[in-house]
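Student: Quick one: the structure is below, and I'll ask about it shortly.
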Amino acid sequence: MESNGGDAFRILEEIETLKAAKSDIEHRIANLQVQIGGVAVEEMTDSILCPPISTNDAGFGHGLSPEMVYRYSRQLLLPSFGVKGQSNLLKSSILVVGAGGLGSPALLYLAACGVGRLGIVDHDDVELNNMHRQIIHTEAYIGQSKVKSAAAACRAINSTIDIVEHREALRTSNALEIVRKYDIVIDATDNLPSRYMISDCCVVLGKPLVSGAALGLEGQVHYLAVC
């Protein structure tokens, strides 16, 4: 009986601890919501304090509304991210070249986290043998453009961001024109000529490049910043 009583006491203590943690998270979210309106927030810890931003200053026509604060609340709580980080995301633009095995998860996460403008480049159509690894596509889009399929999936996750569809191959004749419109480029292609061309474009235009590759059970990723 004493053992059962001790277990019950520990469980009650854990319940109270969880309640306190829940209350603290709700308080921090409320403080962030007040901060969005530009109202000074008192008694916030330095780890989550971010400069107030205007709801009219969110980039690409999207304000950081109360609904967006709730949508992104979990990442807004990150000490190194906060409201300023989310505001910067909304003002940013990223081009993903390739909507296949590498581009699929990248596009889904970028759309979900709130990148303001997301460009997709691919000239292929969705095929049945894409289904097991190119997770952004569904059977309903087999035979249709991968860009169309990927754009639909991104909009389904986050309707507040701008999706730009480039249903064409990236070639020397159009690469500079397309790449110059974005802040960052993600190379998710699967062939060396395309990789070299994308890298050259980023060097010429001074764009940061994130390049990923996968073969079998191995993969690698590189970030290249133009100095």
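Student: Roughly speaking, what is the stretch gain from residue 129 to residue 157, that is 0.36 nm per residue apart minus the C-alpha to C-alpha distance, in nm to one decimal?
Tutor: Gain in length upon complete extension: 7.7 nm.
Student: Explain nothing, just the number: relative contact order of the range 92-224, from Cα pairs under 8 Å at least 6 residues apart, as a whole percent. Walk me through the numbers before you get to the answer.
Tutor: Working: 257 pairs, mean separation 35.3, N = 133.
With pairs under 8 Å counted, the relative contact order is 27 percent.
Student: List the lysines whose alpha-carbon lies under 30 Å from that of residue 22, not counting same-chain residues fewer than 8 positions away?
Tutor: In chain and number order, the partners are 84.
Student: Out of every Cα pair in the range 92-224, what percent are spaced more than 18 Å from each other?
Tutor: Details: 4342 of 8778 pairs.
Taking all Cα-Cα pairs of the range 92-224, the fraction more than 18 Å apart is 49 percent.
Student: Here's something else I'd like to know. Between residue 199 and residue 139, what FRET efficiency comes out of the Förster formula 1/(1 + (r/R0)^6) with R0 = 30 Å and r the beta carbon distance, rounded to 0.05? Working shown, then result.
Tutor: Numbers: r = 35 Å, r/R0 = 1.16.
So the FRET efficiency works out to roughly 0.30.
Student: Give the residue list of trypsin sites (Lys or Arg not before Pro) in the range 73-175 that are DSSP loop and have at most 11 other beta-carbon atoms within 10 angstrom.
Tutor: Details: sites: 74, 84, 91, 117, 133, 146, 148, 155, 167, 171; in loops: 133, 167, 171.
Passing sites in the range 73-175 are 171.
A short reminder: the numbers here are calculations on the coordinates, not readings from a lab. Computed from a predicted model, the values in this text were never measured in an experiment. Cβ: placed from backbone, ideal geometry, glycine included. Neighbour counts: every protein chain shown.
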